[in-house]
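Please read the structure below before turning to the comments.
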Amino acid sequence: MATVIEVKDLTKRYRDLTAVDGVSLKIEQHGIYGLLGRNGAGKTTLMQLLAGHEFPTGGQVQVLGENPVENSGVLANVAIIKESQKYPENYKLHHVLKFASQTFKNWDNDFALELVAQFRLTLGKQVRKFSRGQLSAVGVIVGLASRAPITIYDEPYLGMDAVARKQFYDLLLADYIKHPRTIVLSTHLIDEVADLLEHVFVIDEGRIILDSNADELRGSAVILEGPAEQLAALTNGHEILESESIGNQQRIVVLGLSNQELSTAKSQGFGVHAASLQQLIIGKTSGLTKQEMDIKL
């Protein structure tokens, strides 16, 4: 697959705050990527840099082989949908769709109107009078119907309730199968999007701490339950992501056990369960200091 986004040693500083800190990554054509991390981890700033909406302090961003900043040829192929998307005061929904149709060369207006009906929105209603959930739906509609070769969602679906978010995920996957493109989802609702993702980037304190195929990540961590002393012997030398103890009993999330070690754990009567992607990522990001991340990297 061709590389559509390449970032090298990318940095963005705002006075004393380093929002993106030496990030390097590649994103290939036709895939669903997750940019995951806690609030304030640097997701939004990185998205803005990828979309050419911010100037980097240092490093390089290449989108479709070019610098995206003030590059109309690149930006015509990139849709970025933000949670905080603003519209002119007098815009009604049909104005938003008309503007999008003039912006995105692959715009599918029939699909957009289908989505308007599915999300129960009114074309003639002023956007400023929409609820937060309805505003989120507007962003979702524009992102899906744009069919942009690179579509970036920066948590625009947070205003939706759980049912509407599930509807969005289903629509996204179905349309991606019919019309493959590169989709980047930024979110901290990790369990909700885990099954959609093909590749995962985890960002914490502005740095990428995980860059991995999603299937490989899903199978890399397990939950073990049993006597603490025996668990310590079994997992010696492995990275413990999370640990809880009650008396002499312990529950841990551990990374990188071999099949033989898992078989041994089961034969010794330990509880063995698959860890979710969210548990793995929380374990990787909880409480890590800069110094600790430098050691891990």
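Bear in mind that the values in this text are calculations on the coordinates, not laboratory data. Computed from a prediction, not measured in an experiment: that's the story for all the values here. A quick note on method: Cβ atoms are made from the backbone with ideal geometry, for glycine too, and the neighbour counts reach across all protein chains shown.
Before moving on, here are some points about what is shown:
- The angle separating the long axis of helix 93-103 from the principal Cα axis of greatest extent in the chain is about 90 degrees.
- Estimated distance in nm for a label pair at Lys8 and Lys105, the labels positioned 7 Å out from Cα along Cα-to-Cβ: 2.7
- Within the shell of other residues whose beta carbon sits under 13 angstrom from the beta carbon of Leu234, the net charge comes to -2, with Lys and Arg scored +1 and Asp and Glu -1.
- All Cα pairs of the chain, percent lying beyond 33 Å: 32
- With both labels modelled 7 Å from their Cα along Cα-to-Cβ, the Asn236 to Gln249 distance reads 2.6 nm.
- Å³ per residue enclosed by the Cα convex hull of the stretch 67-196: 111
- Legend: residue pairs Lys8/Lys105; Lys26/Lys266; Lys12/Lys129, Cα-Cα distance threshold 32 Å; pairs beyond threshold, Lys26/Lys266; Lys12/Lys129.
- Label positions at Ala76 and Leu173, each projected 7 Å from the Cα along the C-beta direction, are separated by 3.4 nm.
- Farthest toward the positive end of the dipole of the chain, out of Thr103, Ala162, Gly206, is the Cα of Thr103, where the dipole comes from beta carbon charges about the Cα centre.
- Of the residues Thr18, Pro88, Ile223, the one whose Cα sits farthest towards the positive end of the charge dipole of the chain is Pro88 (charges of +1 on Lys and Arg Cβ, -1 on Asp and Glu Cβ, taken about the Cα centre).
- Fewest-first ranking of Lys105, Lys82, using other Cβ atoms within 10 Å as the exposure measure: Lys105, Lys82
- Summing charges over neighbours of Ile282, with a neighbour being any other residue whose Cβ is under 9 Å away from its Cβ, gives +1 when K and R count +1 and D and E count -1.
- Backbone HN-Hα couplings from phi across the stretch 254-269 [Karplus 6.51/-1.76/1.60, Hz, Gly and Pro as x]: 10, 9, x, 6, 6, 4, 5, 5, 5, 5, 4, 4, 5, 5, 8, x
- When each of Lys82/Lys166; Lys86/Lys284; Lys43/Lys86 is checked by Cα-Cα distance, pairs over 26 Å: Lys86/Lys284
- Relative contact order of the chain, defined on C-alpha pairs under 8 angstrom at six or more residues apart (%): 19
- Calculated [222 nm] ellipticity per residue, helices only, for the chain: -10000 deg cm²/dmol; basis is -39500 (n - 2.57) per DSSP H run with n ≥ 4, divided by all residues, nearest 500.
- Once backbone amide H atoms are built at 1.01 Å from N, Val4 has Ile27, Glu28, Gln29 as its partners under 5 Å, excluding neighbours fewer than 5 places away on the same chain.
- For the stretch 156-297: rounded, prolate or oblate by the Cα gyration tensor [a/c cutoff 1.5]: prolate
- Folded to 0 to 90 degrees: helix 132-146 orientation relative to the chain principal axis, Cα: 80
- With a cut-off of 12 Å between beta carbons, the residues surrounding Glu83 carry a summed charge of +2, where Lys and Arg count +1 and Asp and Glu -1.
- q = 0.12, 0.17, 0.21 Å⁻¹: log10 I(q)/I(0) that the Debye formula gives for the stretch 43-122, counting C-alpha atoms only: -0.45, -0.82, -1.07
- Shape of the stretch 223-268, Cα gyration tensor, a/c cut at 1.5: oblate
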